[in-house]
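The values are calculated or read from the model by the stated rules, or taken from the named source; none is laboratory data. Values in this document were obtained by computation on a predicted structure and should not be read as measured data. No Cβ is skipped: glycine too gets one built from the backbone with ideal geometry, and neighbour counts run over all protein chains shown.
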Amino acid sequence: MTTIRIGLGLAAAVVFATVLIQVGTATDVYVTIRVNNKLSSKKTLIVHCQSADDDLHAHAVVADFYFDWGFVWSRATRFWCRLAFQDKRLGFTAFNGDDVATYHVFVADFDVYDDGVYGTQVVSQQRLHFAKWH
């Protein structure tokens, strides 16, 4: 199951609770991935994310808004995103369910700035720089 939402972004200081254990079962973990447009130029960000099974298609995300989707975690789940802004491009792995030993499984909230994509590790709250524009 994959859900998609587009909505108004909140202040940068707010960290969203994005990885939740569903009530009633200890084995199902529901993951929400959010890509926030924080470009200082207030330009529209093109976000195209997909997995091997789900192409979420390209979305135009205006400044201070976000694109997000959710799914039940599994080791086989992998999502990657390609972003475009003016003449700049970048790509990054948004989620790798098999990568439980590294920070990727904990990162679900990505902020897109002029110098690239950042994410906050849920456990340590450490900010990580994931990708730079080409």
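What to note about this one:
- Matching residues in segment 48-90 - criterion: being touching a residue at least 60 places away in the same chain (Cβ under 8 Å) and of a type in the set (A, V, I, L, M): 72
- Note on segment 61-90: residues that are surrounded by 13 or more Cβ atoms within 10 Å (Cβ to Cβ) and among the small types (Gly, Ala, Ser) amount to 3.
- Being in a strand (DSSP E or B), at pLDDT 95 or above and over 13 Å from the mean Cα position of the chain (by Cα) is a condition met by no residue of segment 19-34.
- Hey, residue 67 under 11 Å from the mean Cα position of the chain (by Cα), modelled with pLDDT of 90 or more and hydrophobic (A, V, I, L, M, F, W, C) or not: yes
- Residue that is farthest from residue 43 (Cα to Cα) [pool: residues in segment 102-115 that are surrounded by fewer than 17 Cβ atoms within 10 Å (Cβ to Cβ) and at pLDDT 90 or above]: 115
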